[in-house]
Amino acid sequence: MLLLSKEDIKEVITMREAVEAVKESFRLFSAGKSNVPLRTNINVPEHDGSMLFMPSLVEDLDMGCLKVVNVFPENVKKGLPTTPAQVILIDASNGMVASVLDGTYVTQLRTGAASGAAFDVLANKDCEKGALIGTGGQAATQLEAMLAVRDLEEVKIFDLNRERLQAFVESMNQELDGYGAHILAAESSDDAVEDADLLICATPSSTPVFDGNRVKDGATLSCVGSYQPHMQEMDPVILTRASGIYFDSREAVLSEAGDILIPLETGVITEDDFTGDLGDVLLGNVEGRRADDEIIVFKTVGIGTQDLVTAKKIYDRAVEAGVGTNWD
Ligand SMILES: NC(=O)c1ccc[n+]([C@@H]2O[C@H](COP(=O)([O-])OP(=O)(O)OC[C@H]3O[C@@H](n4cnc5c(N)ncnc54)[C@H](O)[C@@H]3O)[C@@H](O)[C@H]2O)c1
């Protein structure tokens with residue numbers, strides 16, 4: 001069994017490769033080639049925690065996966081991570097556990113790569129400006145994903161927490177220097193969104209984090225944060241302006257994401273406004289962008305197939321390169 005830390009993972013896979021892995025996972029998912037049972041949630045009321053178990057299997061790859069994500073908000077007071085996670089990769093030809101990977105980083109990588117895949121497939125080719133709202137745990141890989149798929153001159157970042165925003169901008173200007181884009185702190189959400197060709201929201205907000213009227217024609221949006229019925233970071237106005245509304249999994253989004261459920265309930269949109277899943281665009285079953293001035297929205301909540309295919313790619317690379325710690 002191979003143990004793979006965040007540093008090991010960073011050594012063997014690039015964001016561009018992660019984007020390709022996530023595209024493949026969306027193709028497999030839409031072709032009905034992945035078995036992704038609903039996740040199991042066990043509450044631990046005594047410690048205000050919950051343990052989430054996300055299983056998946058792709059028979060064509062002979063690989064199974066279980067992601068364990070534990071949400072313990074009180075951990076902040078104990079100096080421990082609030083959402084510790086591990087990904088367990090299982091060789092489906094014999095049931096042996098092949099690898100245990102840092103699940104927090106695999107999640108960040110595959111979630112960023114989902115935005116990257118959406119932009120690569122649905123955004124205009126000549127994008128120049130990006131915007132990112134939210135500078136938490138997901139933000140670095142979201143930012144890198146947009147830089148990896150489009151040659152951006154500038155990305156404006158906004159977060160309600162000014163201190164975290166400044167620290168994030170400073171560290172990203174160093175870490176992502178190689179992409180050659182100016183990474184700037186925006187004064188406000190409006191300042192960030194104005195003129196952006198690509199826009200990512202990655203916050204746990206329950207109220208919209210941007211003004212949908214300010215988004216320019218031709219923009220492509222990826223909304224990552226909302227995964228419960230009360231959570232809404234997307235301004236519903238943007239859904240009335242959008243020519244295409246795409247999902248990682250329409251079924252998963254409709255089972256949990258307030259970003260789409262609230263506008264459906266209030267009648268701002270109907271299910272007829274939905275275009276389809278990104279995997280179906282990749283398979284050629286659903287149309288993508290038709291014109292440069294269209295606004296396109298992608299909503300993702302994350303599916304187990306993303307974890308499996310991304311973790312398998314990392315594992316294969318690590319075996320080839322002799323990276324990681326063997327545990328027999
Ligand atoms: N789609 C997926 O596959 C996927 C995967 C992992 C996490 N998530 C979700 O993505 C969201 C972000 O995750 P994270 O780990 O980065 O969270 P986090 O708590 O680490 O950071 C969230 C950031 O958003 C900022 N924020 C909150 N409201 C804001 C607002 N109105 N305007 C600007 N900034 C605001 C906060 O100040 C914070 O810096 C969470 O809801 C998380 O559950 C989605």
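The values are calculated or read from the model by the stated rules, or taken from the named source; none is laboratory data. Everything numeric in this text was worked out from a predicted model, so none of it was measured. So basically every Cβ, Gly included, is an ideal-geometry build from the backbone, and we count neighbours across all protein chains shown. Each accessible area value is taken on the protein alone, full model and side chains, heavy atoms only, with ligands, DNA and RNA left out. Shrake-Rupley method; radii C 1.70, N 1.55, O 1.52, S 1.80 Å.
In the range 4-39, what residues are open to solvent by 60 Å² or more (accessible area, probe 1.4 Å) and under 17 Å from residue 316 (Cβ atoms)?
10, 11, 14, 16, 20, 24
Just wondering, is there one or more residues in the range 148-170 that are open to solvent by less than 10 Å² (accessible area, probe 1.4 Å), closer than 24 Å to residue 278 by Cα, in contact (Cβ under 8 Å) with a residue 12 or more places away in the chain and not β-branched (Val, Ile, Thr)?
yes
Could you list, in sequence order, the residues of the range 56-86 that are under 18 Å from residue 304 (Cα atoms) and open to solvent by 40 Å² or more (accessible area, probe 1.4 Å)?
Result: 57, 59, 60, 61, 62, 66, 71, 83, 84, 86.
Which of (1) away from the ligand (no atom under 13 Å from the Cβ); (2) at pLDDT 95 or above does residue 77 not meet, given it meets every other one?
Condition not satisfied by residue 77: (2).
Filter the range 87-117 for residues that are under 15 Å from residue 68 (Cβ atoms), open to solvent by 20 Å² or more (accessible area, probe 1.4 Å) and more than 11 Å from the ligand (Cβ to nearest atom) and give the result.
Passing the criteria: 88, 90, 97, 100, 102, 105.
Kindly provide the set of residues from the range 206-218 that are of a type in the set (Gly, Ala, Ser) and surrounded by fewer than 18 Cβ atoms within 10 Å (Cβ to Cβ), ordered by number.
Matches in the range 206-218: 206, 218.
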